[in-house]
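These notes concern the structure reproduced below.
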Amino acid sequence: MTRRGWVLFLAMGAIWGVPYAMIRIAVEDFDPFVVAFGRTLIGGLILLPIALFTKSLMPVLRRWKPLLAYTLVEITGPWFLIGYAETTLNSSTVGLLIAAVPLIAVVLVATMGHETFDTRRVLGLIVGFGGVATLVGLDVDLSDPAAIGAIGLTAIGYAIGPIIINRSLADLPPMGVVTASLMLAAIIYAPMAALRRPAHYPADASWSVVGLAVICTALAFLVFFALISEVGPSRATVITYINPAVAIMLGVTALNEPLTAGMAIGFPLVILGSILGTARSRASRPADDAQVAPCADVPVPPGSYNGRR
């Protein structure tokens, strides 16, 4: 992976390691629909002026079918399902289950014939997942089958989302895709959010929603699209190995939570698995790489950004 790819990869791992704690705080006072609606609406409104100024919305709206599919599997479904799951499951359990995303992506992408995976990459994915399991140790709550099922559906959606981008939306301005998908998701959430609007808005929960919208949504998606165009959809999903590691390390350093032996052993495994899992297959041909990241070489409208300078 290139130096630029590693910078984007580590940035995404850090940014999306934060939401677990923020969502957990927010759903203590707000319904999951309200949290998801606030996150998408605020994030979309932040990006809307930029999308309008760069005229990047109209090309995206013309391709509304894949946009809707992407919105449903990457935003609307997962963000509600994670909020629902975190009303009963702890963040470690959620992080562990979502860490299955790269394994699902490997199966999907390989089945479609888009990438060739050698033993090193498959081993890296397994090592990374084992590292996440070690990180959370015995702090795994499997007592709520509905919540576990919700995270399972989320993992599948997160694996499919980058593939939809790569196959149907990669030649469109990322700013337009992100903005349109967030606003569409907010519209879908709006009726249920209105029915379940809170009577009070506690500061902790409110600021958590704002942080989710600004940092973990508006900023994160721009970086994520750049990452997909740089390294391809299956490698981009390996950030789910870094996310729970970041979340746990934040708990140790910022919240004075104990550093366990599982954390000390698991974190290096996560790093090793990420390195091996993102390594390009030795059997890959240039044509394969072009299929993985067509956005890198496709011209886009002026003012847009396709992951290359």
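Looking for whichever is touching a helix residue (DSSP H, G or I) at 6+ places or on another chain (Cβ under 6 Å) and of a type outside the set (Gly, Ala, Ser) here; the options are Leu57, Leu61, Leu52. Which one fits?
Leu57
Among the helices (runs of 4 or more DSSP H) lying completely within the range 47-103, list those that include at least 2 residues that are acidic (Asp, Glu) and open to solvent by 30 Å² or more (accessible area, probe 1.4 Å).
Hits in the range 47-103: none.
So, in the range 11-37, exactly how many residues are closer than 16 Å to Phe221 by Cα and not in a loop (DSSP other than H, G, I, E, B)?
Number of matching residues: 7.
If you scan the range 178-208, which residues turn out to be open to solvent by 80 Å² or more (accessible area, probe 1.4 Å) and among the small types (Gly, Ala, Ser)?
Listed by number, the list holds a single entry, Ala199.
The values are calculated or read from the model by the stated rules, or taken from the named source; none is laboratory data. It should be emphasised that the depicted structure is a prediction, and the values quoted were computed from it without experimental measurement. Note that each Cβ is placed from the backbone with ideal geometry, even for glycine, and that neighbours are counted across all protein chains shown. Ligands, DNA and RNA are stripped out before the accessible areas are found, and what is left, the full protein with its side chains, is counted by its heavy atoms. Shrake-Rupley method; radii C 1.70, N 1.55, O 1.52, S 1.80 Å.
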